[in-house]
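First up is the structure itself, then whatever we jot down about it.
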Amino acid sequence: MAPAAWAVPALTAAAWALRAAVWACLAASAMLVAEAAYMGLSSLVAAAAAMLWRWRRTDTRYRWEPMPMPMPMPGAGGRVDVEVAATGADFSMVLVQIPMYNEREVYKLSIAAACALTWPPDRIVIQVLDDSTDPIIKELVELECQDWATKKVNIKYEVRDNRKGYKAGALKKGMEHIYAKQCDFVAIFDADFQPEPDFLLKTIPFLVHNPKIALVQARWEFVNYDVCMMTRIQKMSLDYHFKVEQESGSFVYSFFGFNGTAGVWRVSAINQSGGWKDRTTVEDMDLAVRASLKGWEFLYVGDIRVKSELPSTFKAYRHQQHRWTCGAANLFRKMAWEIITNKEVSIWKKHHLLYSFFFVRRVIAPLVTFLFYCVVIPLSAMVPGVSIPVWGLVYIPTAITCMNAIRNPGSLHLMPFWILFENVMSMHRMRAAVTGLLETAHANDWVVTEKVGDLVKDDLDVPLLEPVKPTECVERIYFPELLLALLLLICASYDFVLGSHKYYLYLYLQAFAYVVMGFGFVGTKTPCS
């Protein structure tokens, strides 16, 4: 029986609409690969320049001179006397802020690491900003601070009567104390970060000898990256972020987004830029952009590493990614016009902020990754007359993958899993980006990332191997991911039986990834989650 006359125009309209979507995604993909290539080349040049400076023992861009090295005290087992070393030296006043919220698992680690920083005791203040709502945890943190105070550590325990502004509000309130206003620099560490004792000795000289620098950012090092496949994949993505995005931004533009922790700020730069603001969930990026628009420069030092913890449960990771993606898109909405009308920076820097930093990386990337690889390609397998050029289907994603692999050679064998995992997460990030751009009711949702701390690996179990209660099982099911898995299976089966594109090879794999993550069989299940 011949198809109805009205069916042909409808099919043609669907084909034309899908063709338009294909070419829009291809154009966006070309923007992504061009940006990745530029950042990759810039980061390689930066790495080569750093090696040359080390060989020549000089840095032509920024001056750095070591602080007077403390000498070991006789009979003290190698411990140093920083008070003696500071005699006659210019040791600036440093504030160390540790914001925390119900951090039972890690509060001792972060406080101990901060209290062990090598710096004259009369020139440093450790400030614990405790927003905990659990009275037991609050008491434990306060007792820990009191214990360190008895050891002659200048530590302050500060609390608020509300959580307004979340982390930004806590940091802002912490800077209002009289002793904080007397400090020249402020180092910030999240509750799961453990800096080495010489952290300040390595970072502060950059700020002391280079008055244009507002921020020195260190690299994160992960103590639990080998717990499960998800943490290994996170390490790959974050290593790329530091090695490529941060390195290239620091080298070419003296700008990058502050990571919110493991960095040292010049207090005057914070004040001049308007201080901490709680208008988005990325208060760190907000401050960095405003400081950059004031003409301040940032420096990323990859040789300085700070131990930290990756979220090991899928639920915690999803909350973190929503906060980061939604906040960045929302900040773009709020600051785009301010960047355009700014008169203190060059057009080149405005272009970098608007196009590269925000539009391509924070808007285009999450949208096109989901729409192209998880919607357009599957549908094109079912709609006659729609084909995707091989350069867009194969060459561009291969190029992006290779550029990531070059900076992560040790993780080359994980690349297929990284691709499938990131494509599934693109659905979550796309929703977060749209939420931030439209500033819906959930744009400022803030959920603190769960941490494990000193729990041994034996306590971290893959959820697939651990029997769970029915209520826990339901909480781990993500229905949008499972619905998309069904769509991918339908498209793959259609292409396998009736189609000619051979997309089903990719679609079946991606559908399997959506099923696995849709049922929550990824990450770990911990006693504290």
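The values are calculated or read from the model by the stated rules, or taken from the named source; none is laboratory data. Worth saying up front: this structure is predicted, and the values here are computed from it rather than measured. Note that each Cβ is placed from the backbone with ideal geometry, even for glycine, and that neighbours are counted across all protein chains shown. We work out accessible area using only protein heavy atoms, side chains counted, and drop any ligands, DNA or RNA first. Shrake-Rupley method; radii C 1.70, N 1.55, O 1.52, S 1.80 Å.
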Quiz prompt | Accessible solvent surface per residue of segment 280-385, calculated while the other protein chains remain in place, 1.4 angstrom probe, Å² | solution = 34
Quiz prompt | Percent accessible area from carbon and sulfur atoms, the chain, protein chains only, probe 1.4 Å | solution = 63
Practice problem: Order the following by accessible area, largest value first: VAL383, VAL159. Probe radius 1.4 Å; ligands, DNA and RNA are ignored. | Solution: VAL159, VAL383
Practice problem: Compute the accessible area per residue over segment 185-252, keeping the other protein chains in place, probe 1.4 Å, unit Å². | Solution: 28
Quiz item: Angle between the Cα long axis of helix 479-497 and the longest principal axis of the chain, 0 to 90 degrees, nearest 10?
Solution: 40
Quiz item: Can you give the accessible area of THR325, probe radius 1.4 Å, in Å² rounded to 10?
Solution: 20
Quiz item: Which order do ILE490, ILE213, ILE178 take by accessible area at a 1.4 Å probe, largest first?
Solution: ILE178, ILE490, ILE213
Exercise. Take the cross-link list LYS307/LYS334; LYS173/LYS307; LYS156/LYS181; LYS138/LYS315; LYS277/LYS334; LYS451/LYS525 and give me the ones stretching past 23 Å between alpha-carbons.
Key: LYS307/LYS334; LYS173/LYS307; LYS138/LYS315
Practice problem: Working from Cα positions, state the angle (0 to 90°, nearest 10) between the long axis of helix 199-209 and the longest principal axis of the chain. | Solution: 80
Quiz item: Listed highest first by mean packing, meaning other Cβ atoms within 10 Å per residue, what order do 511-524, 395-408 come in?
Solution: 511-524, 395-408
Practice problem: Note down the nm distance, to one decimal, between modelled labels 7 Å out along Cα→Cβ at ILE477 and at LEU52. | Solution: 6.0
Quiz item: Tell me, what is the 1.4 Å probe accessible area of SER42, in Å² to the nearest 10?
Solution: 10
Practice problem: For helix 135-149, report the angle its Cα long axis makes with the longest principal axis of the Cα atoms of the chain; keep it between 0 and 90° and round to the nearest 10°. | Solution: 40
Quiz item: Kirkwood Rh over Cα pairs of segment 364-424 into Stokes-Einstein at 37 °C, 0.692 mPa s: D in µm²/s?
Solution: 255
Quiz item: When only DSSP loop residues count, what chymotrypsin sites (Phe, Trp or Tyr not before Pro) in segment 87-140 have their Cβ near at most 13 other Cβ atoms within 10 Å?
Solution: none
Quiz prompt | Mean Cβ neighbour count within 10 Å, used as a protection proxy, ranking 123-131, 160-168 highest first | solution = 123-131, 160-168
Practice problem: Hey, could you get me the Stokes-Einstein D for the chain, Kirkwood radius over alpha-carbon pairs, 4 °C and 1.567 mPa s, rounded to whole µm² s⁻¹? | Solution: 52
Quiz item: Excluding GLY274 itself, what net charge comes from residues whose Cβ is under 10 Å from its Cβ, given Lys and Arg +1 and Asp and Glu -1?
Solution: +2
Quiz item: Can you give the accessible area of CYS115 in Å² (nearest 10), computed on protein heavy atoms with a 1.4 Å probe?
Solution: 20
Self-check item: segment 171-177 - phi-based ³J(HN,Hα) in whole Hz, Karplus 6.51/-1.76/1.60, Gly and Pro as x
Solution: 5, 5, 5, x, 6, 7, 6
Self-check item: Descending principal axes extents, segment 160-227, alpha-carbon based, whole Å
Solution: 40, 38, 20
